[in-house]
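*Asks:* Just dropping this structure here.
Every number in this text was worked out from the coordinates using simple rules, so none of it is lab data. Because the structure is a prediction, the values reported are computed rather than measured. Glycine gets a Cβ as well: all are built from the backbone with ideal geometry, and neighbour counts include every protein chain shown.
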Amino acid sequence: EVQLVQSGGVMVQPGGSLRLSCVVSGVSISNKYMSWVRQAPGKGLEWVSVIYSAGSSYNADSVQGRFSISRDHSNNTLYLQMTSLRVEDTAVYYCASRISVTAMAFDYWGQGALVTVSS
Amino acid sequence: QSVLTQPPSVSGAPGQRITISCSGTSSNIGAGHDVHWYQQFPGTSPKLLIYANNKRPSGVPDRFSGSKSGTSASLAITGLQADDEADYYCHSYDSGLSGLAVFGGGTTLTVL
């Protein structure tokens, strides 16, 4: 059974840094298309960052230069390094992956981690 | 302001058929990018409902269907049930944004 298990939520001050993790079990992440998607309180889904199977990665304009996606094959984990955090980065962050479907859709999601940026 | 436009809310009575639209442009849906749909209940992670415009993942009832035409896509739900009450999001990609992912703003379905 494929599972994506995320680290817990946290509160951080504006300007601070944080690393989110997403441990994947049941399948190797080495050739998987994976992303981070966030959802601000009471708002819709917003795509944040992607890493392709070949290793290239991209970020949304709203986080470009501040967030960085990476993966560790040895422990089958996806990461999101977040720096220079702003109040508007407050959201539930989900890791998401294409595992079984043949299109660029996210068929597996983590349980989400609430990141609160507040002084 | 989301790149893909969805109605904020739709409603229907049990047993009825409803549709949720997802309007894009020539740089995303109209450029040939697939559209995917997710269902999300409060406090839970999104669940893939439809992928590649009209395909259902294993386990999704055939009451749910998707279609795409031109710069728009639609999600249809027939035989509406009380537990279909949730938020629904469309997802595609945008050539004007380096082919990166975009979501619709979401639609809240209320079953009357």
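*Asks:* Mind grabbing the base-10 log of I(q)/I(0) for chain B at q = 0.22, 0.23 Å⁻¹? Debye formula, identical points on the C-alpha positions, no solvent, two decimal places.
*Replies:* Values returned for q = 0.22, 0.23 Å⁻¹ are -1.19, -1.29.
*Asks:* Which of the aspartates and glutamates could a cross-linker span from A:Lys43 if the Cα-Cα distance has to be under 13 Å and same-chain partners fewer than 8 positions apart are dropped?
*Replies:* A:Glu88, A:Asp89, B:Asp87
*Asks:* By a straight-distance test (C-alpha under 19 Å), which lysines pair with B:Lys68 as possible cross-link partners, with residues fewer than eight away in the same chain excluded?
*Replies:* Reachable lysines: B:Lys55.
*Asks:* Give me Rg/Rg_expected for chain A, where Rg uses Cα atoms only and Rg_expected = 2.2 N^0.38 Å with N residues.
*Replies:* In units of the globular-protein estimate, chain A measures up at 1.00.
*Asks:* Now for a separate question. Based only on Cα atoms, what mean projected area does the convex hull of region A:70-119 have, in nm²?
*Replies:* In nm², the orientation-averaged hull projection of region A:70-119 is 4.8.
*Asks:* Largest first and in whole Å, give the semi-axes of region A:39-102's equivalent ellipsoid, each being the square root of 5 times a Cα gyration tensor eigenvalue.
*Replies:* Each semi-axis is the square root of five times an eigenvalue, giving 22, 15, 11 Å.
*Asks:* Further, regarding this structure: Could you please report the charge total around B:Pro57, scoring K, R as +1 and D, E as -1 over all other residues with beta-carbon less than 11 angstrom from its beta-carbon? Intermediate results must be reported in sequence, preceding the final value.
*Replies:* Values: positive: B:Lys47, B:Lys55, B:Arg56; negative: A:Asp107.
Surrounding charge for B:Pro57 is +2.
*Asks:* So which trypsin sites (Lys or Arg not before Pro) in region A:15-60 end up in coil per DSSP with only 14 or fewer other C-beta atoms within 10 Å?
*Replies:* Passing both the DSSP loop test and the Cβ count: A:Lys43.
*Asks:* Of A:Leu45, A:Leu18, A:Asn76, whose Cα points farthest to the positive end of the dipole of chain A (charges on the beta-carbon: +1 Lys, Arg; -1 Asp, Glu; origin at the Cα centre)?
*Replies:* Farthest along the dipole direction, towards plus: A:Leu18.
*Asks:* Using the alpha carbon gyration tensor of the protein assembly as shown, what are the three equivalent-ellipsoid semi-axes (square root of 5 times each eigenvalue), largest first, in whole Å? Could the numbers behind the result be given before it?
*Replies:* Details: eigenvalues 162, 73, 64 Å².
Largest first, the protein assembly as shown gives 28, 19, 18 Å.
*Asks:* Here's another thing I want to ask about it. With 10 angstrom as the radius, rank B:Ser92, A:Ser84 by how many other C-beta atoms surround their C-beta, starting from the fewest.
*Replies:* On the way: B:Ser92 26, A:Ser84 13.
Sorted ascending by nearby Cβ count, the order is A:Ser84, B:Ser92.
*Asks:* Also, quick follow-up: Below 11 angstrom from the Cβ of B:Val111, what's the summed charge of the other residues (Lys, Arg +1; Asp, Glu -1)?
*Replies:* -3
*Asks:* If we count every other residue with Cβ under 15 angstrom of B:Leu4's Cβ, Lys/Arg +1 and Asp/Glu -1, where does the sum land?
*Replies:* -2
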